[in-house]
Amino acid sequence: MVVNDLNGHLRQIVDELVRQGVPLDQARREFERQFIVSSLESHGFSVGRSADSLGVHRNTLRNKVSSLGISLDELRAESRRARRG
């Protein structure tokens, strides 16, 4: 049931991106970025724990974080601001 819901949600998102003319590379990059950011947030910004949950080596994740322009310091700061209100 969860897989069907996931597929349905993804299908809606993909349909919208296609309608907007978003290139595949841009869509893939943004999906990957959001997926990694979400994993980092849910694991307290621990690269090691996030890498484990994603099934990759921590150095692979570090390289991916860098190539996607993700700043752990900025994510931590945003998280602190969100908690404060």
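Taken together, the values in this text are just the output of simple stated rules run on the coordinates, not laboratory data. Since we're looking at a predicted model, the values are computed, not measured. So basically every Cβ, Gly included, is an ideal-geometry build from the backbone, and we count neighbours across all protein chains shown.
Taken together, the residues in the stretch 12-34 that are in contact (Cβ under 8 Å) with a residue 12 or more places away in the chain and out of contact with any helix residue (DSSP H, G or I) (no Cβ under 8 Å at 6 or more places or on another chain) amount to 2. Within the stretch 58-72, identify whether any single residue is in contact with a Phe, Trp or Tyr (Cβ under 9 Å, 6 or more places away or on another chain) and of a type in the set (A, V, I, L, M), and answer yes or no. Within the stretch 58-72, one or more residues are in contact with a Phe, Trp or Tyr (Cβ under 9 Å, 6 or more places away or on another chain) and of a type in the set (A, V, I, L, M).
For the stretch 27-67, the candidate set comprises residues that are within 20 Å of Leu10 (Cβ to Cβ) and more than 10 Å from the chain's Cα centre (by Cα); within that set, the residue that is surrounded by the fewest Cβ atoms within 10 Å (Cβ to Cβ) is Gly55.
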